[in-house]
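These notes are about the structure you will find just below.
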Amino acid sequence: MRVIAGLLLVLWIVLPVVPVLLWSVAVQWAAPAVLPPSYSLQSFSALAATDTVRAAGASSLLGVGVATVATPLGYLGALAIQRLPRVPARLVELTLLAPLAIPPFALVMGINVAFLRFYLLPSVGVVLVLAVTALPYTAFMFRSALATYDSRFEEVARSLRNLVANGPPCPGAPARWCNRPGILPRVPGGLGRLHRHAAYRRGAVADASHAAGVRCVGYRE
Amino acid sequence: MSSSLEFIGTSRSFGEATVLHEVSLIVEPSRCVALLGGSGSGKSTLLRIAAGLDDPSSGQVLVDGGDLDGVPSEKRGIALVFQKPLIFPHLNVVDNVAFSARMAGQSRQAARRHAMAYLELVHLADFAGRSAGRLSGGQEQRVALARALARNPRILLLDEPFSSLDSRLRENMYSLVEDIRSELAPTIVLVTHDRREASILADSIAVLDDGRILQHGPVAQLHYQPATLAVNRILGGLNAISGQVDGGIHHSVLGRVRVQPGMVDGPAFLVMRQEAVRILPAGEGTAVGNVAGLKSLGAHTLVRTEVAGNDGLPETLTVEVSGDPGVSVGQMIGLQPVNGSGWAVIR
Amino acid sequence: MSRGQGPTTTGRAVLFALPAVFPVVAVLGVSLAAAVLQSLGLMPFIGPPSFSVEAWTGNTGELVRATGLSLNIAATATVLSVCIGFLIAAYVLASPRMGWIVGALSAATIPIPHLIGAGAIGLLLSDSGFLERVLGMPAAFPALVGGPWWIAAITEYAWKESAFVALVVLGSIARSVGDLCDAAATLGATARQRVFRVVLPLAMPSLAVSALIVFVYTLGSYEPVWLLGPTSPEPLPVRAVRLFGSVDLTARPEAMASALVSVAVGAGVILIGILVVRRSREFR
Ligand SMILES: Nc1ncnc2c1ncn2[C@@H]1O[C@H](COP(=O)(O)OP(=O)(O)OP(=O)(O)O)[C@@H](O)[C@H]1O
Ligand SMILES: [Mg+2]
């Protein structure tokens with residue numbers, strides 16, 4: 001039962017690719033034959049044709065161009081979302097997501113004439129449009145990366161901040177360390193905090209158990 | 001309605017690392033065994049194997065003498081309260097507890113009614129409508145306990161279920177477990193780090209160290225007659241005095257102490273619990289100690305003394321006294337075992 | 001998570017936001033504005049501008065029909081993608097070894113562009129295509145490619161997007177769901193109950209979000225419907241692109257009107273989707 005389900009899923013995923021693969025190595029493949037009568041790698045030699053190579057080069061160049069624009073912009077956008085107060089952050093977030101909602105063909109059709117009017121270099125225009133459509137992805141990739149960082153260290157930083165504000169002082173740490181909002185470039189600081197926090201916790205646990213007289217030294221650690 | 005649980009030569013390896021080495025353990029029906037051991041000793045792995053969530057690399061798990069191999073978890077009738085509470089985030093508190101009844105095909109209403117009884121048992125009836133995300137760690141753990149109990153299991157496996165409760169609540173849970181045992185009488189395996197908890201709740205303690213059962217026996221036996229130094233250490237014993245056994249008598253800086261019959265002659269350690277030694281004025285007792293340190297445990301105090309013998313190196317002997325010990329560092333005191341006889345181990 | 005405090009942090013954050021937000025606003029703004037102007041004849045490719053609502057009112061019937069068709073295709077494709085995607089995810093979670101293979105294969109199809117996917121489905125489902133040959137050329141083989149029910153196009157969307165849905169679902173719940181399924185099993189839940197009473201509700205938020213994304217994507221996607229669908233009736237994107245590429249430059253305004261309708265429908269669907277998701281979250 002489970003095996004059948006697995007095979008059906010594999011079939012669903014793989015089946016559409018099969019004819020493409022077969023066609024790519026088929027010499028001739030007329031209608032009723034289920035498999036091509038003979039095979040050759042001839043069609044792959046077409047890949048070496050100057051046209052194909054030039055097209056591949058152009059595509060790669062375009063890809064690199066778009067990535068160099070969209071990646072840093074996405075990072076900045078993610079940072080801004082993390083640091084801005086709630087409402088503006090929401091607005092930035094929605095703006096950066098907006099290109100997902102607009103069909104690419106509509107985007108290009110609309111902007112086509114405008115670029116002509118502005119005498120924008122076609123390649124620059126293409127990179128710009130593609131970068132804008134890539135921004136939602138880069139921004140949200142960085143955003144989730146930052147969020148992971150957040151949950152791991154931010155809570156520690158916050159609890160330490162509370163300790164500094166109204167509890168016993170956090171041992172050995174200048175108050176300003178505990179008061180700064182944590183953010184990516186300060187990861188080393190964050191790690192330090194984590195350690196200090198752990199040390200403090202350990203001490204507290206030991207004290208509590210001693211006070212209750214329940215646990216003997218030397219075992220738990 | 002309860003069952004016996006039996007591990008026979010159960011081993012488990014993850015790749016190269018062997019986490020359980022031929023563990024054999026018998027839990028009689030309606031008994032409670034505490035599994036005591038340090039972090040990473042394989043306690044959770046053993047429970048997962050019993051619950052059918054993990055398969056042993058070799059060996060068997062028997063319930064009432066029947067091999068569980070190939071029986072899926074949901075058919076084993078074994079409930080496991082995990083180390084993490086694992087509350088279903090999409091259900092509220094009462095529906096979490098009602099989960100097993102729902103899975104068994106009961107109506108939502110009947111399942112909830114059934115669940116409420118168990119929520120009351122863990123003092124969380126007021127939280128029935130609360131969403132799972134808004135509970136404290138201790139409340140989550142109590143919901144997890146109620147959820148497992150609501151299944152009315154033949155065998156209940158508890159993986160450090162009380163580790164995030166405060167001491168008062170923990171005492172409550174201890175008496176709750178007592179109630180459950182007298183009412184439902186399930187067979188219980190309780191994993192814990194805490195030997196006090198093990199002593200309170202369990203009929204017997206099994207010590208697991210590095211994937212091996214070192215000793216399984218009644219609570220007092222584990223404390224006063226440990227099989228090895230490791231068992232003594234894991235049960236919180238602080239004293240192991242090296243010396244020689246000769247004709248049933250252990251010779252050491254503490255002098256001559258009669259040990260258990262059947263002890264072969266040769267080098268051996270005298271294990272003597274810190275609670276089983278008395279401090280006397282200097283000149284009295286069987287040995288003389290020099291107070292080297294004091295450590296408060298709150299109501300109790302640990303007095304660390306150096307005992308110098310006639311020959312060889314001085315040994316450290318720690319004594320636990322209730323209240324103010326009335327001694328100070330550097331003072332010479334007399335020491336005497338509470339019982340006339342002691343317990344020796346070879347390693 | 002921490003929010004910026006004090007004017008300096010906020011000011012710096014605004015500076016960070018600008019380089020990302022500006023190009024988006026500029027490109028989207030210019031594009032939409034230009035599309036509106038062109039649809040109203042105010043920004044012709046050649047010749048003097050002259051205001052006219054002809055593009056919007058002239059052939060309303062066809063515009064409405066195209067919209068309905070696009071919504072239908074997108075809805076069917078979304079339902080299929082979500083169901084199959086969830087099945088893939090559940091299978092990957094439920095079976096350790098085979099699941100790994102299914103998951104890897106499924107993820108491997110994600111980088112395939114829809115255009116190639118459409119070609120592949122065409123080779124598979126077309127008249128005397130691979131499937132028909134495998135089945136032994138039955139006489140009753142239906143017209144899947146170019147037929148009235150858009151089956152090939154919808155299949156292509158479902159094929160590509162189910163892999164996407166599975167990826168999103170797995171990414172969002174894979175970490176927590178194993179332990180919760182263990183807990184459910186010890187509480188007596190059978191494998192089937194674990195899938196539908198634990199995994200499904202846990203996957204619901206990510207299913208909802210990915211359904212929204214799939215729907216809006218298929219609504220605005222052009223190649224599969226163009227390659228695999230019948231020539232008429234036309235969905236919105238096909239109509240827009242055909243009119244845009246028409247030698248008759250006067251068809252431009254109508255092309256822009258079609259494009260704008262698809263933008264508006266997409267935006268509307270997203271708004272409704274966000275409201276529904278938020279409502280259901282509050283309800284819980
Ligand atoms: N799935 C796994 N793969 C590899 N190693 C594992 C796996 N699960 C557990 N281990 C290893 O097995 C050993 C025993 O783990 P286990 O969880 O049983 O310990 P434990 O006694 O419950 O410890 P603790 O008291 O900290 O919960 C550990 O060293 C752990 O790293
Ligand atoms: Mg454990």
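The values are calculated or read from the model by the stated rules, or taken from the named source; none is laboratory data. Please read all numbers here as calculations on a predicted model, not as lab measurements. Backbone-built Cβ (ideal geometry, glycine too); neighbour counts: all protein chains shown. The area values use the complete protein model at the heavy-atom level, side chains included, leaving out ligands, DNA and RNA. Shrake-Rupley method; radii C 1.70, N 1.55, O 1.52, S 1.80 Å.
The aspartates and glutamates whose alpha-carbon is closer than 18 Å to the alpha-carbon of B:Lys84, local same-chain residues fewer than 8 away aside, are B:Asp54, B:Glu140, B:Asp159, B:Glu160, B:Asp166, B:Asp194, C:Asp179, C:Asp182. Taking a ≥ b ≥ c as the square roots of the eigenvalues of the Cα gyration tensor, an a/c ratio of 1.5 or more together with a/b no larger than b/c marks segment C:31-282 as oblate. Using the Cβ-Cβ distance between C:Asp248 and C:Ala33 with R0 set to 25 Å, the FRET efficiency from 1/(1 + (r/R0)^6) comes to roughly 0.55. If you run the Gaussian network model on chain B, springs between alpha carbon atoms under 10 Å, then out of B:Lys43, B:Lys295, B:Lys84 the most flexible one is B:Lys295.
Across the accessible surface of the protein assembly as shown, with the other protein chains kept in place and a 1.4 Å probe, carbon and sulfur atoms take up 63 percent. Checking every one of the chymotrypsin sites (Phe, Trp or Tyr not before Pro) in segment C:110-166 against DSSP loop status and a limit of 15 other Cβ atoms within 10 Å picks out C:Trp149.
Applying the criteria of a DSSP loop state and at most 15 other Cβ atoms within 10 Å to the GluC sites (Glu not before Pro) of segment B:140-238 yields no site. Peptide C:216-222 is shielded by partner chain Cβ atoms: per residue, an average of 4 of them sit within 10 Å of its Cβ. Between B:Gln106 and B:Asp265, the modelled labels are 6.8 nm apart [label points 7 Å from Cα along Cα→Cβ]. Its Kirkwood hydrodynamic radius, worked out from the mean inverse distance over all distinct Cα pairs, puts segment B:5-224 at 17.8 Å. With a cut-off of 13 Å on the backbone N, the residues of segment B:329-347 near the modelled label site 7 Å out from B:Arg278 along Cα-Cβ are B:334-341. Couplings for segment C:207-222, taken from phi via the Karplus curve 6.51 cos²θ - 1.76 cosθ + 1.60 with θ = phi - 60°, read 5, 4, 5, 6, 4, 4, 5, 4, 4, 5, 5, 5, 4, x, 8, 10 Hz in order; Gly and Pro are left as x.
Restricted to Cα atoms, the protein assembly as shown shows a radius of gyration and a Dmax of 36.2, 121 angstrom. For B:Asp246 and B:Glu183, the FRET efficiency from 1/(1 + (r/R0)^6), where r spans their Cβ atoms and R0 equals 51 Å, is about 0.45.
Between the alpha-carbon centres of segment A:12-52 and segment B:60-104 there is a gap of 52 Å.
Whole-Hz Karplus values for segment C:148-157 come out as x, 9, 6, 5, 4, 5, 5, 4, 4, 4 Hz, taken residue by residue from phi with 6.51 cos²θ - 1.76 cosθ + 1.60 and θ = phi - 60°; glycine and proline positions read x. Residues of segment C:142-172 with an amide N closer than 19 Å to a point placed 7 Å from the Cα of C:Trp100 along the Cα-to-Cβ direction: C:167, C:170-171. Given the options C:Ile151, C:Ile121, C:Ile112, state which has the largest fluctuation in a GNM of chain C using a 10 Å cut-off (strictly under) for Cα springs. Greatest mean-square fluctuation among the candidates belongs to C:Ile112.
Using the rule -39500 (n - 2.57) for each DSSP H run of four or more residues, divided by the residues of chain C, the 222 nm mean residue ellipticity is -25000 deg cm²/dmol. Here's how it looks for B:Val191: its modeled amide H is under 5 Å from those of B:Leu35, B:Leu158, B:Asp159, B:Glu160, which are all 5 or more places away or on a different chain. In a DSSP loop and with at most 10 other Cβ atoms within 10 Å, the GluC sites (Glu not before Pro) in segment B:1-102 are B:Glu16.
Converting phi to 3J(HN,Hα) with the Karplus coefficients 6.51, -1.76 and 1.60 and the offset θ = phi - 60°, segment A:137-146 yields 5, 5, 4, 7, 5, 5, 4, 6, 5, 5 Hz in sequence order, with x at every glycine or proline.
In the complete set of protein chains, residue-level accessible area for C:Asp179 is approximately 50 Å², probe 1.4 angstrom.
Seen through its C-alpha gyration tensor, with square-root eigenvalues sorted a ≥ b ≥ c, segment C:1-136 comes out oblate because a/c lies at 1.5 or above while a/b is not bigger than b/c.
Pairing chains A and C buries close to 5800 square angstrom of accessible surface in total, based on protein heavy atoms and a 1.4 angstrom probe.
Distance from the Cα centre of segment B:231-304 to that of segment C:75-97, in angstrom? Value for the Cα centre distance between the two parts: 66 Å. For segment B:167-287, the solvent-accessible area with a 1.4 angstrom probe is 42 square angstrom per residue. Rounded to the nearest 20, the size of the Cβ-charge dipole of segment C:31-282 about its Cα centre is 740 debye, with Lys and Arg at +1 and Asp and Glu at -1. For segment C:107-147, the residues whose backbone nitrogen is under 17 Å from a point 7 Å from the Cα of A:Leu11, taken along Cα to Cβ, are C:124-125, C:130-138. Spin-label model, A:Met141 to C:Val277: label points 7 Å out along the Cα-to-beta-carbon direction sit 2.0 nm apart.
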